[in-house]
Amino acid sequence: MPDRTDTRRTAMRTLLAGSAVAAMAGSAALGVSAAAQADPASAADFDPFTADALPAGGRVREYWVQAESFEHNAVPNGYDAMMGTRFTAAQTTFWAIGYRAYTPHFGAPLPADTSPNGVGTNSGIPGPVLRAEVGDTLVVHFRNNDTHYQWPHSMHPHGVRYDRDNDGGWLAEDPTRPGTAVPYGATHTYTWTALPSSVGTWPYHDHSVPQTIPGPQPAPAASGAPKAMAMGAGGGVMEIGAELGLFGIIAVTDRHTPAVDREFVLFFHDAYAADIPSLAQDTDMFNGGAFLDNTPTFTARNGDRVRWRIAALGKEFHVFHLHGHRWRRGGGWVDSELLGPSTSLTVEYTEDNPGDWIYHCHVTDHMMGGMVGRYRVSG
Ligand SMILES: [Cu+2]
């Protein structure tokens, strides 16, 4: 009987080789650990040059996703319960943009489903969880309904496989490539595939033309004063759409992905007063909210198998820390993990510590800017 590490390597190798029968035999012999999935390179005989191809027999997963603009208050209760600071709604409200998933042909918004295989809150920030199994093809029909800014937008995925015309990333040198600047009112369909290398948690986000939100008008300047640069002509804020809320998570699973009782989606993101003039201060958010009871309150029961799918975007580095818990990573255990722009985490453990806990970014500036939330475990 091979030891656990050897069987894990065998399962990974046969999976990468695309041998369904061998992979099933491997998976039957063990429960593949989350750490192995998150860090396949930890296997000593992992071959980075093994070809990664789309396995046969996958399904087409069709999504209808719309970008929508809406007024959004990041601190609806007006209170930072950690520091005791109070805010007015005007200080913490801005015109946000979010992705929302719809029934086919943009019939009606999908209802919230925060179960382990659900679409999430579908409230706009973050966008819907786009799910695929290895072998599946994601067909994402994107419609731009940004009624407020009326800017072009896009969807750029991480983790999945795509060609250049399904990349969604705008470049000034090639501004007409399909899907990189979908105009207000227009629709574009992206096709992405889930390969064995796609297993895990990934972000997707707007990656379209840089833009600037006009601030208060400056005092009249003497003629000859420099003018603001035109949009898309060397000016603007990169990924301003994502700063305003256009992002979400792609979750790719395979037959080795353990079933869980709870799955939490958590996005680390920041909005800057310099970019968004209506904000009174820089705001560090989880899923569009800042400070306790404005950020998500997640709940679990003692004994639950729990998975967090976590990602970050923007220009800050963060540390995910969960009080009262530890989880496996790379052969050891951690209770804090580093995230940077576009990196992600899949955190898994069996719940064994009932109580009222907090999770937060351990960068103290970000805690003070709002990155703290509650996690309640019942006995
Ligand atoms: Cu942080």
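The values are calculated or read from the model by the stated rules, or taken from the named source; none is laboratory data. Bear in mind the structure is a predicted one, so any value in this text is a computation, not a measurement. Cβ coordinates were reconstructed from backbone atoms using ideal geometry, including for glycine residues, and neighbour counts include every protein chain displayed.
Summary of computed values
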| quantity | calculated |
| --- | --- |
| Some residue of segment 247-263 being farther than 28 Å from LEU54 by Cβ and not assigned by TED's automatic domain parsing to the domain that holds VAL129 | yes |
| Segment 180-196, subset buried (at least 23 other Cβ atoms within 10 Å of the Cβ) and aromatic (Phe, Trp, Tyr), residue farthest from GLN211 (Cα to Cα) | TRP192 |
| Residue pairs meeting the criteria (Cβ under 6 Å; at least 6 apart or on separate chains; first acidic (Asp, Glu), in segment 354-375; second at pLDDT 95 or above) | ASP356/ARG376 |
| Residues satisfying the stated conditions in segment 65-89, i.e. surrounded by 13 or more Cβ atoms within 10 Å (Cβ to Cβ) and under 24 Å from ILE240 (Cβ atoms) | VAL65, GLN66, ALA67, GLU68, SER69, PHE70, HIS72, ASN73, ALA74, VAL75, PRO76, PHE87 |
| Residue match in segment 73-92 (condition: free of Cβ contacts under 8 Å to residues at least 24 places away in the same chain, assigned by TED's automatic domain parsing to the domain that holds HIS158 and touching a helix residue (DSSP H, G or I) at 6+ places or on another chain (Cβ under 6 Å)) | yes |
| Residue check, GLY373 out of contact with any helix residue (DSSP H, G or I) (no Cβ under 6 Å at 6 or more places or on another chain), within 16 Å of the ligand (Cβ to nearest atom), within 22 Å of THR92 (Cα to Cα) and not in a strand (DSSP E or B) | no |
| Strands (runs of 3 or more DSSP E) contained entirely in segment 43-160, each with at least 3 residues that are more than 19 Å from ASP206 (Cα to Cα) and not hydroxyl-bearing (Ser, Thr, Tyr) | 60-73 |
| Filtered residues of segment 262-274 (kept if in a loop (DSSP other than H, G, I, E, B) and more than 16 Å from the ligand (Cβ to nearest atom)) | ALA273, ALA274 |
